[in-house]
Amino acid sequence: MANHAENHQLPMLVTAEDGTTVWAQRDWPAEQRGGMRLSPRIDCSSLRLRSSEPGYTADWHVAGDPTLIVVRSGTLRLILRDGSAREFGPGDAFIAADKLPDGLAFDDAVHGHRAEVVGDTMLEAVHIKLSP
């Protein structure tokens, strides 16, 4: 293992200047501690356990509060307004942090992302609300 610290990276849904949801990459610094790379402490406000049946779909929405989502089983597909999609399976993690700019009402034709469970395995995930 290298002696230098490397960043931890996670894909992240964020809001672009025009209010649309886009993908970004989030980096956290890491340091070596006892044979592991460890990020600084990340404050969280709550944890929820989620399960969704195969075929589940969510209409267009934004996450609001930043949420770290860790998939335990099944496959979750996220679709953006531009038609692009990414799938997350067991062991994958991402942060959903898209939100409406202050004072802006949700426009069902412009804002947010959709989510769907694909395949025939129930989605089991952990949702961890990150402190702002």
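Throughout, read-outs are computed from the coordinates displayed, never taken from laboratory work. Keep in mind that what you see is a predicted model, and the values were worked out from it rather than measured. Every residue, glycine among them, receives a Cβ derived from its backbone with ideal geometry; neighbour counts consider all protein chains shown.
List of remarks:
- When residues of segment 1-17 are limited to those that are in contact (Cβ under 8 Å) with a residue 60 or more places away in the chain and of a type outside the set (A, V, I, L, M), the one surrounded by the fewest Cβ atoms within 10 Å (Cβ to Cβ): Pro11
- Of the candidates Gly103, Gly112, the single residue that is more than 24 Å from His8 (Cβ to Cβ) and either of a type in the set (Lys, Arg) or touching a residue at least 40 places away in the same chain (Cβ under 8 Å) (or both) is Gly112.
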